[in-house]
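First the structure, in the form of structure tokens, and then the observations on it.
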Amino acid sequence: MTLNERAMWAMGNADLQWYALQTAPQQEWKAHVALGAINVPALLPSKSRWRRENRYQKAKKRIRYALIPRLLFVGFHPGRERFREVLVGHIAQSVIGVAGVPAAIQGQTLAAWLRQVGAETEAPKEQRHMRTGAEFAAGDKVMVIDGALEGRIVDVKSIRGSNARVLADWMLAAREIEVPTMMLEKIQ
């Protein structure tokens, strides 16, 4: 079970209060691992996208990044907060609050917000090949795996190059929408 999966499981625990921590720039992942090492439930909202590792490579990889830079969430039991251990150990720079008092967030509220913004709570699936469009044909049922239509099952109407025209329910009407084939996955 990954650190984020453990935190999502702990979020269901009604007696935990969640707090937002601010980390040093580009140190979210390091802080997340450090919090896991001292057994503090920590959640780092993240997303993953297909990106080139650098501008000189053509091949793309699924790269995971923090959804909100410099921010992660930790859970403590009321009255047993471990802010000193987290802040003195240079894991985090500050706890977000109002007028110097850390602001607690309920687990259900945080979980609802994470669903709303589409944060990933587990590691992305293993590497898969890039979609060329050749594996899809008109009439296929496919699932959109990225973008605004993520998670929807749609019908392929036509393929042109690396884009597919699909029929999707969008804004209370069936519409033909052009989607890159790398955002589609064939349903068995």
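Every read-out reported here was derived from the displayed coordinates using simple, explicitly stated rules and does not represent laboratory data. This structure is a prediction, so every number in the text was calculated from the model and none was measured. Cβ atoms come from the backbone with ideal geometry, glycine included; neighbour counts cover every protein chain shown.
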### Message
For a quick check: sort ARG80, ARG64 by the number of other beta carbons within 10 angstrom, fewest at the front.
### Response
ARG80, ARG64
### Summary
Rg (one decimal) and Dmax (whole number) from the Cα set of the chain, in Å, equal 20.3, 60
### Task
Averaging sequence separations of C-alpha pairs under 8 Å and six or more residues apart, then dividing by the length of region 3-117, give the relative contact order as a whole percent.
39 percent
### Query
Each residue of region 80-87 in turn: what ³J(HN,Hα) in whole Hz from Karplus with 6.51, -1.76, 1.60 and θ = phi - 60°, glycine and Pro shown as x?
10, 5, 10, 5, 4, 5, 6, 7
### Message
About the Cα centre, and with charges only on the beta carbon of Lys, Arg (+1) and Asp, Glu (-1), how big is the dipole of region 141-186? Nearest 20 debye, please.
### Response
180 debye
### Message
To make sure I understand, if each residue's beta carbon is the centre and we count other beta carbons within 10 Å, what order do PHE83, PHE136 fall in, fewest to most?
### Response
PHE83, PHE136
#### Entry: Cut-off 17 Å (backbone N to label point 7 Å along Cα→Cβ of ILE145), residues of region 32-53
47-52
### Query
Using Cα atoms only, what is the angle between the long axis of helix 28-37 and the major principal axis of the chain, expressed in degrees (0 to 90) to the nearest 10?
60 degrees
#### Entry: Ranked ASP15, ASP140, criterion: other C-beta atoms within 10 Å, fewest first
ASP15, ASP140
### Summary
With Cα springs under 10 Å, the Gaussian network model of the chain assigns the largest mean-square fluctuation among ALA34, ALA137, ALA66 to ALA137
### Query
Roughly speaking, what is the stretch gain from TRP113 to ARG62, that is 0.36 nm per residue apart minus the C-alpha to C-alpha distance, in nm to one decimal?
16.0 nm
